[in-house]
Amino acid sequence: MDVATLLYRSRRTRTEDYPRKAIALRSGYAIVKEIDPTIDVHTFLARAAGVASCVFGGNAQDAYLTTALSAVASVQPEMDLYLAAVLNAVVLQLGFQTRIFLDGSQSAVFDGPQDIFIAAMLHANVTQGIRVAEAAGQIALPVWANATNALEVNAEQVFELSPDLVVQYLSANGSRHLGALLIAPADSVKAEFRIDERFSYLADSVGPETQFCIGGTAEMVFGVAAELQKNYSALQLAIKGYSRSEGRGRQNRAVLVFAGLDQLPAVTLRTGVSVPCTFGYGIDQNEGDLDSISYGNSTIEGVDWPNPGGESHKNVRGIWETAPVRKPFLVSSSAPLPLEARQRISGSNEIFHSTLAIRDGILIPIDEPGYANFLCANRDGKIVTGCGMDPSGCSLYEAARVDDRGVRSNAIQADRLTQIEGAAMPLMFTPQLHKWHSHFMIQCLPRVRIARDLGLDMTILLPHDLRKKQLEMLEILGFGADRVVMMQPGDLVQAESLYFPWPWHLTFTKYSMAIYDEIAAHFDTSKYKTPKRLLVSRQSRKSWRNLINYDAVRKMLIDDFGFEELSAEKLSLEEEIATYANAEIIVGAEGAGMYGAVFSNSRAKYITMCDEDYVMPILGSIAAIHEFEVGYVFGESLRSDRDVSRRLNFGHSDFMIDVGRLGDAVTRALAI
């Protein structure tokens, strides 16, 4: 069966296919159990869902590919399995015996990620596979390769060579003609090139029998196909568009196969996707696809407010919630403390609860020096201004063209576009916010309550690199792998209903704190015996806001008061919660380690160490809700007096603490 037949006979699985699929999947599961004895059938089937739902060509070919690819998917679930199936079919065709006798040793040259190259070479025992790389290297076969005879990869026939060595190798190994050129750029690779120029070193090896296969985003592949049809009108193309699912998200992909050229095709390949956009669209210019929604009407203690932004936001609806700060039992400072600092730790803050809803909305991550934010656009690429979003500082806006009507326009370039059925909402309001765990705790994780309050089957959009504990907390709150979509850097996401909540300030409220009570209730912390006096470690801190004399602070607290050092990042989530819940006094520098106070009891006492330019109301807002005592010991920051722009509220300077002053504060706290 040739590759074109595989493309055209591929379809969704039907009832009559179930018996064959079941047999093939059982074989795949048996293979995976040999690789990983701990895997259960539910995990296997979840990872192999894409394979199970697709029929690959004829019955025999489908049985083979279902078994092989279901096993591969269990180890490498991120792989584009349909593309792997097509590439493998192209390569297997090269092993036809008569072809080898007539044309010599057959070779397939591949440009793309190593993992899919290995999948393409399954059972290609007499075909040479060459992956083009910047430098020659050894191919490291994945764990599934050669785990059984059903996943056979001939290690002696796969190579990684630089372009200048490819032709030498082909000649030395008897390949008079190139069997196949396979091009499948990784989604993360941004590139634009002419195929005949990029692979010019293969020009003399190409002939009418050479198979070309190009796979990737639908926009890239169909763009190549259109140019081929324009330049080579008699060329027969086989092309297949398909959707690749990743949990609740899907991407439009395509694969193109053709042969019959006696030269490299003179066409341009452009990776990624491009979305035209314009600026200046706001809720006041609503064309029926924007709405401002107030959530939490029955769960937030606050004041309804239809107009927080004045006349320019007359259609915005939301709720203002007051975030009180507990009056500290102690404020001790080595340096003069600005009035603004004192106000921060004694006043209250206001949080606005509102979300923008965009029909067929597109979420656009912008992460560049001086501007890190998400933008939102409607289906026509009109980027929203207002409602917490200001695109004017990003390069996409600054590089936009302005027409005679004053309309700014540009094009969003991205690696891929993930589409989601139904409602979706980002957990973050900037692409990298989760990397600071304090921001994750305050401004990100509590957003799951918004999804609940909206009463929708919401898909939560997450960055691909969340920490293990962060994912564990999401799972406890009901947002496990089946309810989230992981965004890779450079992804756009389009949802039928995109929700984008207004950003919250750096403070806790009753609304946001409630989820931590829910997480704590998931565990039985009474079984743990944990220290009562804790110093939150700063040993892992390697960037800014370092406590320079931390060692002196640690020695004093351990020697004079019997404290023990806490490194929360080394504990399991359950151990961390128990440690904070059972502590009587905790001392530490302002930061995420101190915000474990969300799990503390009302008998606890907290002393936070800061410099005079980094004064936050965060710990005081937790104390106001959990009703524990909090004190502040301010040190001296290490910055130039000329560095005015780094002062409140942008401190983040290294600092030192007066150890004696801190000792007095601890003595006072223990006496309460």
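In table form, for the structure just shown:
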quantity: Calculated FRET value between ARG9 and ASN546, using beta carbons and R₀ = 60 Å, to 0.05; calculated: 0.45
quantity: Residue list for the stretch 109-139, given a label point 7 angstrom along the Cα-to-Cβ vector of ALA172 and an amide N cut-off under 19 Å; calculated: 109-110, 127-139
quantity: Check: the stretch 229-362 dipole with +1 on Lys, Arg Cβ and -1 on Asp, Glu Cβ, in debye; calculated: 600
quantity: Antiparallel bridges, percent of DSSP beta bridges restricted to the chain (to nearest 5); calculated: 55
quantity: Label-point gap, in nm, between ALA30 and SER438 - each point 7 angstrom along Cα→Cβ; calculated: 5.7
quantity: Cα-based Kirkwood hydrodynamic radius, the stretch 423-485, one decimal, Å; calculated: 11.6
quantity: Å² per residue, accessible surface of the chain at 1.4 Å; calculated: 43
quantity: ³J(HN,Hα) computed for each position of the stretch 328-337 - Karplus, 6.51 cos²θ - 1.76 cosθ + 1.60, integer Hz, glycine/proline x; calculated: x, 7, 7, 9, 10, 9, 7, 10, x, 9
quantity: Chymotrypsin sites (Phe, Trp or Tyr not before Pro) restricted to the stretch 433-482 and DSSP loop, no more than 16 other C-beta within 10 Å; calculated: TRP436
quantity: Förster-model FRET efficiency, 60 Å R0, ASN149 and ALA671, C-beta, rounded to 0.05; calculated: 0.20
quantity: Vicinal HN-Hα couplings computed from phi for the stretch 386-398 (Karplus, 6.51 cos²θ - 1.76 cosθ + 1.60; Hz; Gly/Pro x); calculated: x, 6, x, 10, 9, x, 5, x, 9, 5, 4, 6, 5
quantity: Rounded to the nearest 10 Å², the accessible area of HIS123 at probe 1.4 Å; calculated: 60
quantity: The stretch 1-101, dipole about Cα centre (Lys/Arg Cβ +1, Asp/Glu Cβ -1), debye to the nearest 20; calculated: 280
quantity: Spin-label pair GLU134/SER602, simplified geometry with 7 Å Cα→Cβ offset, distance in nm; calculated: 6.1
quantity: Dipole in debye (nearest 20) - the stretch 496-602, about Cα centre, beta carbon charges: Lys, Arg +1; Asp, Glu -1; calculated: 360
quantity: Placed amide H near CYS54: partners under 5 Å, 5+ positions off or other chain; calculated: THR13
quantity: Principal-axis tilt of helix 510-520 within the chain, Cα atoms, nearest 10 degrees; calculated: 70
quantity: Loop GluC sites (Glu not before Pro), the stretch 98-169 (other Cβ atoms within 10 Å of the site Cβ: 12 or fewer; DSSP); calculated: GLU134
quantity: Protein-only accessible surface order, largest first, of TRP502, TRP144 at 1.4 Å; calculated: TRP502, TRP144
quantity: Using θ = phi - 60° and Karplus 6.51 cos²θ - 1.76 cosθ + 1.60, couplings along the stretch 133-139 (whole Hz; Gly, Pro as x); calculated: 9, 5, 9, 5, x, 8, 7
quantity: Apportionment of accessible area to carbon and sulfur, the chain, percent (1.4 Å); calculated: 50
quantity: Signed unit charges on C-beta, dipole axis of the chain, positive-most listed residue THR15, ILE345, SER395; calculated: THR15
quantity: Signed unit charges on C-beta, dipole axis of the stretch 69-158, positive-most listed residue MET79, ILE118, SER105; calculated: SER105
quantity: Lysines whose Cα lies under 25 Å from that of LYS382, excluding same-chain neighbours fewer than 8 positions away; calculated: LYS190, LYS314
quantity: Listed residues SER27, SER105, SER171 arranged by accessible area, highest first, probe 1.4 Å; calculated: SER171, SER27, SER105
quantity: The stretch 103-150: relative contact order as a whole-number percent, Cα under 8 Å and 6+ apart; calculated: 42
quantity: Percent of Cα pairs exceeding the 19 Å cut-off, where the set is the stretch 219-360; calculated: 74
quantity: Inter-label distance, nm, simple model (7 Å from Cα along the C-beta direction), SER188/GLU627; calculated: 5.0
quantity: Förster radius 30 Å - calculated FRET efficiency between ASN297 and ILE39, Cβ distance, rounded to 0.05; calculated: 0.10
quantity: Diffusion coefficient, µm² s⁻¹, Stokes-Einstein with Kirkwood Rh over alpha-carbon pairs of the stretch 340-495 at 25 °C and 0.890 mPa s; calculated: 143
quantity: Built amide H within the under 5 Å cut-off of GLY280, gap 5+; calculated: ILE383, THR385
quantity: Mean Cα-pair separation over length for the chain, i.e. relative contact order, pairs under 8 Å, 6 or more apart, %; calculated: 10
quantity: Once the Cα gyration tensor of the stretch 553-640 is diagonalised, semi-axes √(5λ) in Å; calculated: 21, 17, 13
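The values are calculated or read from the model by the stated rules, or taken from the named source; none is laboratory data. Since we're looking at a predicted model, the values are computed, not measured. When we count neighbours, we look across all protein chains shown, and the Cβ atoms used for this are built from the backbone with ideal geometry, even at glycine. Quick note on the areas: whole protein, heavy atoms, side chains included, nothing else; ligands and nucleic acids left out. Shrake-Rupley method; radii C 1.70, N 1.55, O 1.52, S 1.80 Å.
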